[in-house]
Amino acid sequence: MLSIAVDRVYQVLAPDGKLVDTPPDLAPDRLLAAYRWMVFGRQFSDRMIALQRQGRMGTFAPLNGQEATAVGLALPLAPDDWIVASYREVLAYMMRGVLPLTIAQVHRGEVGIYPRQANCLPYQIVLGTQMLHAVGVAMGIKYERKPNVVLGVCGDGATSEGDFNEALNFAGVFKAPVVFVVQNNGWAISMPRSRQTAAHAIADRAAGFGMPGVVVDGNDVLAVYKVVAEAVARARAGEGPTLVEAQTYRLGAHTTADDPKKYRPEEELAEWVARDPIPRLRAYLIGQSLLNQAEDTHLHDGVRAEIQTMVDTLEALPPQDPLVLFDNVFETMPPALASQRDALRRDLGRE
Ligand SMILES: Cc1ncc(C[n+]2csc(CCOP(=O)(O)OP(=O)(O)O)c2C)c(N)n1
Ligand SMILES: [Mg+2]
């Protein structure tokens, strides 16, 4: 079993940044890097929303408010571990080496290629499917007797999909080296968490799959790190999967095509603004003398400049050749797809 109790929401940092439990053994440079990634995620998300509003970007799913979960789950992984996730976790993918430019390209409707060494499968939009892929990768690792672990990540809504349940059941039976993380942000578009399961907590469902379940404060990056690190160590030691429920909240809309004011109470948002993960970690870092105001301003400016360079690069790219759509899917293209590609080529006037 895990050392962390299941019957409460595990926390290391209170919302004011004060310690309520032992912090993880993370060197100052890693703590600062985690903070910078969280700031990066917030600014990236804000910029993507602004670009979409200006007609310069396609639909985007903001991650504002969920930065601590994305960063906390990626932080304990070894380079050869894997993350198999969904549209809300692009920040975790960037930490693995997927370029923000690539993520932006994908959201503009282009084909984006992840570096092989990032060990991320293309993020899924078909809810819950990625949990099966995660278990598949984990079983491959097990057969090959490699020492690696897979993180499968989905939202609270995805837990109602058959795929989620099949994935956890199979992983439990075969002790796949996988950690399941549910980003419970309280909502699946306009559907509240209470409609996904009658269980008290999503993590309580772990018992039915024969694995431990933990509830963690998803707005506390140190707590997410500790819980995921322990679950990863279990999986690596051959002890099987764990279900981690990270309780968080999306401060913004489901996507740029949604208006949460139509279905979410204003007071709920205010409650979660007070638990914002970024000021929480900043208060801790300042309290530990690892960051001061001038350094924080400098860090924010550096992130802003990096994102501006990314946008400039993106907008200077030549239009992508539509035929790229057919590449990178099959090692040997099946005849049906080849004939579709040829038809498009003819339509484009390129005999
Ligand atoms: C199988 C499937 N059904 C429905 C949808 C439409 N859809 C897209 S996002 C979403 C809500 C997902 O909620 P949740 O799993 O909690 O993730 P969140 O968006 O909150 O991160 C729905 C219903 C989909 N993408 N895939
Ligand atoms: Mg959700």
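The values are calculated or read from the model by the stated rules, or taken from the named source; none is laboratory data. Since we're looking at a predicted model, the values are computed, not measured. Glycine gets a Cβ as well: all are built from the backbone with ideal geometry, and neighbour counts include every protein chain shown. Calculation scope for accessible area: heavy atoms of the full protein, side chains included, ligands and nucleic acids excluded. Shrake-Rupley method; radii C 1.70, N 1.55, O 1.52, S 1.80 Å.
Among the residues of segment 177-203, those that are open to solvent by less than 40 Å² (accessible area, probe 1.4 Å), over 15 Å from the mean Cα position of the chain (by Cα) and more than 13 Å from ligand 1 (Cβ to nearest atom) comprise Pro177, Val178, Ala199, Ala201, Ala203.
Say we look at segment 146-162 and pick out the residues that are within 12 Å of ligand 2 (Cβ to nearest atom) and among the aliphatic types (A, V, I, L, M); which of these is farthest from Gly186 (Cα to Cα)?
Start the filter on segment 146-162 by keeping residues that are within 12 Å of ligand 2 (Cβ to nearest atom), which leaves 153-160.
When the remaining residues are screened for being among the aliphatic types (A, V, I, L, M), the result is 153, 158.
Values: Val153: 15, Ala158: 12 Å.
Step by step, filter segment 146-162, then rank; the result is Val153.
So in segment 174-200, with the set limited to residues that are part of a strand (DSSP E or B) and more than 25 Å from Lys261 (Cα to Cα), which one is farthest from ligand 2 (Cβ to nearest atom)?
Keep residues of segment 174-200 that are part of a strand (DSSP E or B), which gives 178-184, 187-188, 191-192.
In the following step, the residues that additionally are more than 25 Å from Lys261 (Cα to Cα) were identified as 178-181.
On the way: Val178: 21, Val179: 19, Phe180: 15, Val181: 13 Å.
Per the criteria, the residue is Val178.
One residue alone among Ala78, Ala85, Ala92 is modelled with pLDDT of 95 or more, open to solvent by 10 Å² or more (accessible area, probe 1.4 Å) and of a type in the set (A, V, I, L, M), and that residue is Ala78.
Within segment 108-123, track down each residue that is of a type in the set (S, T, N, Q) and open to solvent by 40 Å² or more (accessible area, probe 1.4 Å).
Of segment 108-123, the ones of a type in the set (S, T, N, Q) are 117, 119.
Within segment 108-123, just Gln117 meets the criteria.
Can you confirm whether Ala171 is farther than 22 Å from Ala70 by Cα, touching a residue at least 60 places away in the same chain (Cβ under 8 Å), part of a helix (DSSP H, G or I) and touching a strand residue (DSSP E or B) at 6+ places or on another chain (Cβ under 7 Å)? Don't jump to the end; show me each part of the working.
Working: farther than 22 Å from Ala70 by Cα: yes; touching a residue at least 60 places away in the same chain (Cβ under 8 Å): yes; part of a helix (DSSP H, G or I): yes; touching a strand residue (DSSP E or B) at 6+ places or on another chain (Cβ under 7 Å): yes.
Here the answer is yes, as Ala171 does meet what is asked.
Among the residues of segment 290-338, those identified as farther than 20 Å from Gly109 by Cα, surrounded by fewer than 11 Cβ atoms within 10 Å (Cβ to Cβ) and over 29 Å from the mean Cα position of the chain (by Cα) are Ala294, Thr332, Pro334, Pro335, Ala336. If the condition is being surrounded by 22 or more Cβ atoms within 10 Å (Cβ to Cβ) and not in a helix (DSSP H, G or I), then segment 125-141 contributes only Gly128.
Does Phe174 satisfy being surrounded by fewer than 22 Cβ atoms within 10 Å (Cβ to Cβ) and either in contact with a Pro (Cβ under 9 Å, 6 or more places away or on another chain) or assigned by TED's automatic domain parsing to the domain that holds Gly72 (or both)? Give the steps one after another, and end with the answer.
Values: surrounded by fewer than 22 Cβ atoms within 10 Å (Cβ to Cβ): yes; either in contact with a Pro (Cβ under 9 Å, 6 or more places away or on another chain) or assigned by TED's automatic domain parsing to the domain that holds Gly72 (or both): yes.
The answer is yes for Phe174.
When the helices (runs of 4 or more DSSP H) confined to segment 11-123 are screened for residues that are closer than 24 Å to His254 by Cβ and touching a residue at least 60 places away in the same chain (Cβ under 8 Å), those reaching at least 2 such residues are found at 28-53, 67-74, 100-107.
Please verify whether segment 237-249 includes one or more residues that are at pLDDT 95 or above, more than 16 Å from ligand 2 (Cβ to nearest atom) and at positive phi. Yes - at least one qualifying residue is present in segment 237-249.
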